[in-house]
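S.K.: Shown below is the structure under consideration.
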Amino acid sequence: MPRLRVIDVKNNQLNGSIPTSLFQNRRVQVISLAFNELSGEMWRGPWYVPELRVLNLRNNSLTGIIPPSIGNATTLMNFSLSGNRVSGNIPKEVGNLSQLAFFLLSDNQLTGSIPATLFNISSLLAVSVLHNSLSGPLLLDEGNIVSNLYFFKYISQPNFWLHSFQHMPTHRAQSFVHILQQYNWRHTPEILVVYSKLEEFYIGDNLIKGTIPTSLGNISTLHNLHCRNNQIVGGIPPELGKLSNLRELSFDNNSNLIGQIPEAIFNISSLEVIGFSFNNLSGRIPTTTGLHLPNLEGLYLGANQFKGEIPLFITNASKLQILELNNNFLTGTIPNNLGNLRELRGLLLYNNQLTNELRERELLFFNSLADCRMLQYLQVGSNPLNGVLPNSIGNLSSTIENFYIVDAHINGLIPKSIGNMTGLTSLSLDGNNLTGSIPSEIGKLKQLQGLYLDNNKLKGHIPEAVCHLSNLVQLFLNVNELSGLIPECIGNLSMLQYLYLGSNKFSSKFTLNLWKMSGLLYLDVSQNSMEGEVPSDIGALKAIVELHLSSNHFSGMIPSTFGELQNLQYLDLSNNSFFGKIPLSFANLISLEYLDLSSNDLSGTIPMSLEKLSYLKSINVSFNDLEGEIPSGGVFANSTLQSFLGNKGLCGMHILEIPACAITNPGKQSKLKEVVLTIVTPVVIASFLIFLFVSIWIMKRQKKGMSKDVEKVLEIGTHQLVSYHEIQRATNNF
């Protein structure tokens, strides 16, 4: 097909290698094989494609190298090889492509440096080499560098636009510059002179060091200056205030930026984003009343050391969507006119020193926020607000998803109107002084995934309305004064993963439904008055990671089905009335790291198989009635006396102050038997033989003595016998 001009077969699931004949076609102008399954290498021989304009090979599985013979395709304007597995260096012969406009090599395995000859191409408009393993300098200040390049991507992270929320303002970019960590700030001024038409400068998400060059202020065309997530140090040059066309100024997360933000920056009326969060900036946020930011959509100043009050000019930024001032040292009150920010989506003021207005009981700023009908994130916790939640929080927008007011010295009741905030996915009121009961209106929050009411002074019972929260994943009610029964319907919350009810006054037995929550990860009912036996159904908690049952009145034997909880890492059964033996099935708890069985009535021995639990770091069986030898391997090798106190029958030589066992293990018993067989037995036999010899000798001696006595008897027997009558006659009947 000598007259073929265009070969376009992209997105057809083609496989195999690229025919070499394609690189020998003198008439072809377009070769588009993108989005197929082609493999193998590109032709390494001489290329003869004098009219080729477009070579699009992106998103295949090509390997090998970019052949130097690509330099023969002198009419090539668009070369795309992105999304393959090509390796090796970028050949310097690409400098021969005098008409090249687009050079796209991202997402490969290229190494080495970018050849300087590439930047001698006057027609070059866009270069993309991100997601490779390139190194070395950019060499932009060498040779005949031209100024037409408007798109240069050289970055390690694809998501270079990252702020605190997904709904942050976005911009349509016209030109980009991305420079990676191998480039050093000391070359920046020269480059910026070269790129005098630069509109967008991106060097985010790298390890760039040095200070912010003052020459940045000379690029009047600059729209976006994005330098997040680097290691830039020093102060913010006032020259940046001259960038009258600037829309985004972002130096977030550099950690070591110091000093104050120049007031001139807040006079750039075109600014849409100001980002300096996660640095070490200090001083006051400029408060001059003449400051005007009519286009500001995002102000990100969190995690610094700013002091003073929230500046009033912020409430005039009518387009503001995100106000992030958290984690500073701001004082004063939260402005009562934040309602002017009708497009506000995120208000982050937590972890400062903000207070309530003097002599005011209710937190009145909530009244104004009712006008922010697009608000999604309301986070004002960790401030000494010292007030009461007003009923007007029920007027807040139903678009609010995250309501965070923890550790804020909030007093009084939880308003029933909170049930109107139907868009909530997370409600965090923990760490306050809330009293009264949990309002049943919470059951209206159908979207709620996290309910955090812990560390308050709440009383009464858990309303069954909580069981209506079918999307609930985390329920924290611990450290309150709640009492009564735990509702059986809680077991129906199939999404629940975290259930914390510890340090309350709950009584009676556990609901059986609770043990059937196969998705539960964390369960804490410690320090209550729960009683009864733990049922064997506990083995159904297949996913459980932590189980806290300590300081209750549980009794009975520990079910052997505990051994089925192979994801369990933390088990605390201490301070109860469990009796019987430690189940041998505990040896199956292969993920266990912490085990506390102290202060129960357990008896029997400590299973030797617990030695084999390789992740177990801590064990406590003190104050039980255990006996026998303490194992010496595994976790026991580093255990101390405190883990075994109060068990009079325990023994073991490896722990000080524990008496040694008479026979510590079967191995020692067999050795003892061997000693008996090899030493004691011969001694016994020898003793028996000696006894036998002595006995025989004595018997022989006795026989000799008896023969002599017989002779004496015989001698006596030879005398004449005298009868009784003869004696009478001889004595005249005397």
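The values are calculated or read from the model by the stated rules, or taken from the named source; none is laboratory data. Quick caveat, the model's predicted, so the values are computed rather than measured. Quick reminder, even Gly has a Cβ in these numbers, built from the backbone with ideal geometry, and neighbours come from all protein chains shown. The protein model used for the area step is the full one, side chains on, heavy atoms only, and it has no ligands, DNA or RNA in it. Shrake-Rupley method; radii C 1.70, N 1.55, O 1.52, S 1.80 Å.
S.K.: Whether any residue in the stretch 580-594 is closer than 19 Å to residue 491 by Cα and not in a strand (DSSP E or B) is what I want to check.
M.R.: no
S.K.: Take the residues of the stretch 600-618 that are open to solvent by less than 60 Å² (accessible area, probe 1.4 Å), free of Cβ contacts under 8 Å to residues at least 40 places away in the same chain and assigned to a loop (DSSP other than H, G, I, E, B): which is farthest from residue 563 (Cα to Cα)?
M.R.: Going through the qualifying residues, I end up with 600.
S.K.: Need the failing condition index for residue 302 against (1) out of contact with any helix residue (DSSP H, G or I) (no Cβ under 7 Å at 6 or more places or on another chain); (2) free of Cβ contacts under 8 Å to residues at least 40 places away in the same chain, just the number.
M.R.: (2)
S.K.: Exactly one of (1) farther than 30 Å from residue 357 by Cβ; (2) modelled with pLDDT of 95 or more; (3) aliphatic (A, V, I, L, M) is unmet by residue 301. Its number?
M.R.: In the conditions (1) farther than 30 Å from residue 357 by Cβ; (2) modelled with pLDDT of 95 or more; (3) aliphatic (A, V, I, L, M), residue 301 misses (1) alone.
S.K.: Residues of the stretch 619-636 being out of contact with any Lys or Arg (no Cβ under 9 Å at 6 or more places or on another chain) and open to solvent by 60 Å² or more (accessible area, probe 1.4 Å), which ones?
M.R.: Matches in the stretch 619-636: 623, 632.
S.K.: Can you tell me which residue within the stretch 17-44, out of those that are assigned to a strand (DSSP E or B) and β-branched (Val, Ile, Thr), is most open to solvent (accessible area, probe 1.4 Å)?
M.R.: If we filter the stretch 17-44 for residues that are assigned to a strand (DSSP E or B), which is where we start, we get 30-32, 37-41.
Now drop any that are not β-branched (Val, Ile, Thr), which leaves 30-31.
Details: 30: 38, 31: 3 Å².
Selected residue: 30.
S.K.: Next up: Could you check the stretch 565-584 and list, in sequence order, the residues that are open to solvent by 20 Å² or more (accessible area, probe 1.4 Å) and not aromatic (Phe, Trp, Tyr)? Show your work before the answer.
M.R.: Our first condition is that a residue be open to solvent by 20 Å² or more (accessible area, probe 1.4 Å); within the stretch 565-584, this holds for 566-567, 569-570, 575, 577, 579, 581, 584.
Selection gives 566, 567, 569, 575, 577, 581, 584.
S.K.: So which residues in the stretch 406-420 are in contact with a strand residue (DSSP E or B) (Cβ under 7 Å, 6 or more places away or on another chain) and assigned to a loop (DSSP other than H, G, I, E, B), if there are any at all?
M.R.: Of everything in the stretch 406-420, those that are in contact with a strand residue (DSSP E or B) (Cβ under 7 Å, 6 or more places away or on another chain) and assigned to a loop (DSSP other than H, G, I, E, B) turn out to be 406, 412.
S.K.: Given the criteria over 24 Å from residue 322 (Cα atoms), in a strand (DSSP E or B) and modelled with pLDDT of 95 or more, does residue 475 qualify? Outline the logic, then answer.
M.R.: Numbers: over 24 Å from residue 322 (Cα atoms): yes; in a strand (DSSP E or B): yes; modelled with pLDDT of 95 or more: yes.
Considered against the rule, which asks whether it is over 24 Å from residue 322 (Cα atoms), in a strand (DSSP E or B) and modelled with pLDDT of 95 or more, residue 475 comes out as yes.
S.K.: Kindly evaluate residue 558 against the criterion of being more than 21 Å from the chain's Cα centre (by Cα), open to solvent by less than 30 Å² (accessible area, probe 1.4 Å), among the β-branched types (Val, Ile, Thr) and farther than 17 Å from residue 475 by Cβ.
M.R.: Numbers: more than 21 Å from the chain's Cα centre (by Cα): yes; open to solvent by less than 30 Å² (accessible area, probe 1.4 Å): yes; among the β-branched types (Val, Ile, Thr): yes; farther than 17 Å from residue 475 by Cβ: yes.
Here the answer is yes, as residue 558 does meet what is asked.
S.K.: Same structure, new question: Criterion first (modelled with pLDDT under 65, of a type in the set (A, V, I, L, M, F, W, C) and surrounded by 21 or more Cβ atoms within 10 Å (Cβ to Cβ)) does residue 194 satisfy it?
M.R.: Working: modelled with pLDDT under 65: yes; of a type in the set (A, V, I, L, M, F, W, C): yes; surrounded by 21 or more Cβ atoms within 10 Å (Cβ to Cβ): no.
Answer is no for this residue.
S.K.: Suppose the filter is buried (at least 16 other Cβ atoms within 10 Å of the Cβ) and at pLDDT 95 or above; does residue 413 pass it?
M.R.: no
S.K.: Turning to a different aspect of this structure: Report whether or not residue 305 is under 20 Å from residue 369 (Cα atoms), within 32 Å of the chain's Cα centre (by Cα) and either open to solvent by 20 Å² or more (accessible area, probe 1.4 Å) or not aliphatic (A, V, I, L, M) (or both). Talk me through it step by step, then tell me what you get.
M.R.: Values: under 20 Å from residue 369 (Cα atoms): no; within 32 Å of the chain's Cα centre (by Cα): yes; either open to solvent by 20 Å² or more (accessible area, probe 1.4 Å) or not aliphatic (A, V, I, L, M) (or both): yes.
No, not satisfied.
S.K.: Let me ask you something else. Of the residues that make up the stretch 620-632, is at least one more than 30 Å from residue 497 (Cβ to Cβ), polar (S, T, N, Q) and modelled with pLDDT of 95 or more?
M.R.: Yes: one or more hits.
S.K.: Here's something else I'd like to know. What's the total number of residues in the stretch 499-516 that are at pLDDT 90 or above and surrounded by 19 or more Cβ atoms within 10 Å (Cβ to Cβ)?
M.R.: 7
S.K.: Which residues, taken from the stretch 434-465, are part of a loop (DSSP other than H, G, I, E, B) and under 30 Å from the mean Cα position of the chain (by Cα)? Write out each step before concluding.
M.R.: Here is the first cut: in the stretch 434-465, the residues part of a loop (DSSP other than H, G, I, E, B) are 434-439, 445-449, 453-458, 461-463.
Residues satisfying the conditions are 445, 446, 447, 448, 449, 453, 454, 455, 456.
S.K.: Within 23 Å of residue 541 (Cα to Cα), aliphatic (A, V, I, L, M) and over 29 Å from the mean Cα position of the chain (by Cα): which single residue out of 582, 606, 655, 590 fits that description? First the steps, then the outcome.
M.R.: Details: 606 fails: within 23 Å of residue 541 (Cα to Cα); 655 fails: within 23 Å of residue 541 (Cα to Cα); 590 fails: over 29 Å from the mean Cα position of the chain (by Cα).
Among 582, 606, 655, 590, only 582 is within 23 Å of residue 541 (Cα to Cα), aliphatic (A, V, I, L, M) and over 29 Å from the mean Cα position of the chain (by Cα).
S.K.: A further question follows. Would the stretch 22-37 turn up any residue that is under 47 Å from the mean Cα position of the chain (by Cα) and among the acidic types (Asp, Glu)?
M.R.: Yes, the stretch 22-37 contains at least one residue that is under 47 Å from the mean Cα position of the chain (by Cα) and among the acidic types (Asp, Glu).
S.K.: Same structure, new question: Could you please give the count of residues in the stretch 517-531 that are crowded, with 22+ Cβ neighbours inside 10 Å and in a loop (DSSP other than H, G, I, E, B)?
M.R.: 5
S.K.: Out of 279, 254, which single residue is open to solvent by 10 Å² or more (accessible area, probe 1.4 Å) and within 30 Å of the chain's Cα centre (by Cα)? Steps first, please.
M.R.: On the way: 254 fails: open to solvent by 10 Å² or more (accessible area, probe 1.4 Å).
When all the criteria are applied, what remains is 279.
S.K.: With the condition kept exactly as written, say whether any residue in the stretch 368-384 is closer than 17 Å to residue 411 by Cα, outside any helix (DSSP H, G or I) and acidic (Asp, Glu).
M.R.: Of the stretch 368-384, the ones closer than 17 Å to residue 411 by Cα are 380-384.
Within this subset, residues satisfying the condition of being outside any helix (DSSP H, G or I) are 380-384.
Within this subset, residues satisfying the condition of being acidic (Asp, Glu) are none.
No, because not a single residue in the stretch 368-384 is closer than 17 Å to residue 411 by Cα, outside any helix (DSSP H, G or I) and acidic (Asp, Glu).
S.K.: Continuing with the same structure: If I ask for residues that are in a loop (DSSP other than H, G, I, E, B), closer than 18 Å to residue 294 by Cβ and open to solvent by 10 Å² or more (accessible area, probe 1.4 Å), which ones from the stretch 324-344 would you list? Full working, then the answer.
M.R.: Within the stretch 324-344, the subset in a loop (DSSP other than H, G, I, E, B) is 325-328, 331-332, 334-337, 341-344.
Those left that are additionally closer than 18 Å to residue 294 by Cβ: 337, 341-344.
Selection gives 337, 342, 343.
S.K.: Let me ask something else. Which of the residues that make up the stretch 206-246 are under 14 Å from residue 265 (Cα atoms) and in contact (Cβ under 8 Å) with a residue 40 or more places away in the chain?
M.R.: Listed by number, the residues that qualify are 223, 224, 236.
S.K.: If residue 470 meets every condition in (1) open to solvent by less than 40 Å² (accessible area, probe 1.4 Å); (2) part of a loop (DSSP other than H, G, I, E, B) apart from one, which number is that one?
M.R.: (1)
S.K.: Another one. So which of 349, 291, 341 is under 21 Å from residue 363 (Cβ atoms) and over 28 Å from the mean Cα position of the chain (by Cα)? Please lay out each step first, then the result.
M.R.: Working: 349 fails: over 28 Å from the mean Cα position of the chain (by Cα); 291 fails: under 21 Å from residue 363 (Cβ atoms).
None of the others qualify; the one that does is 341.
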